[in-house]
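Heads up: the structure comes next, in structure tokens.
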Amino acid sequence: MKQRLAIALAWTLCAGIALAAEPDTPAEVNAAFDEELATRLGADALGMKQYVLAILKTGPQDATIKGDERKKLFAGHFANMGRLAEEGKLAVAGPFGKNDKTFRGLFILNAASVEEAREFASSDPAIEAGIFVVDYIPWYGSASLMASPEIHRKISRTPVN
């Protein structure tokens, strides 16, 4: 029984590694494949790419920064997100709903490493001021997310800065 379990576990691990590996040459090509679009969005052969999730959490200075200073920092926070999106560094961002984990928002950053993502996020005034602290997690997801800022500008009735 133990031997069968070991074989099943080994098979599962090998299958998982094979699925995670990007094929050098696919057996067949998707008929809808758009090479120009895939290249522009940074897609690999599976249509995926590396990102870093930046989870913004309540920081140590959140409760102490109030009034005009807080408004100024949040204006800078939103302007910074707009700049990062325009530069192709931010794929998606948005706030979390009320939760018991102190999670406030999410950036999906077009970064190859956590270090690069930290560099992008360090320009955010609300992070610099300690309103937010950030947890960074590497994530492999659809390269289509890189089209989100362009699409968002087209579907937002209110201008996005």
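The values are calculated or read from the model by the stated rules, or taken from the named source; none is laboratory data. For clarity, every value in this text was computed on a predicted model and none was experimentally measured. Cβ: placed from backbone, ideal geometry, glycine included. Neighbour counts: every protein chain shown. Note: accessible area is taken over every heavy atom of the protein model, side chains too, but ligands, DNA and RNA are not part of it. Shrake-Rupley method; radii C 1.70, N 1.55, O 1.52, S 1.80 Å.
Expressed as a whole percentage, what fraction of the accessible surface of segment 59-161 belongs to carbon and sulfur atoms when a 1.4 Å probe is rolled over the protein heavy atoms?
Working: 3660 of 6370 Å².
Reported share for carbon and sulfur atoms: 57 percent.
Between Ala75 and Thr158, the contour length at 0.36 nm per residue exceeds the Cα-Cα span by 28.3 nm. For segment 41-161, the Cβ-based charge dipole about the Cα centre amounts to some 520 debye (Lys, Arg positive; Asp, Glu negative; other atoms uncharged).
Setting aside same-chain residues fewer than 8 positions from Lys66, which aspartates and glutamates have a Cα under 19 Å from its Cα? List returned: Asp124, Glu128.
Given Lys71/Lys101; Lys101/Lys154; Lys49/Lys98; Lys57/Lys89, which pairs have Cα atoms separated by over 22 Å? Kindly include the intermediate steps, with their values, before the conclusion.
Values: Lys71/Lys101 24 Å; Lys101/Lys154 33 Å; Lys49/Lys98 30 Å; Lys57/Lys89 20 Å.
Result: Lys71/Lys101; Lys101/Lys154; Lys49/Lys98 exceed 22 Å.
In a DSSP loop and with at most 14 other Cβ atoms within 10 Å, the chymotrypsin sites (Phe, Trp or Tyr not before Pro) in segment 70-147 are Phe96.
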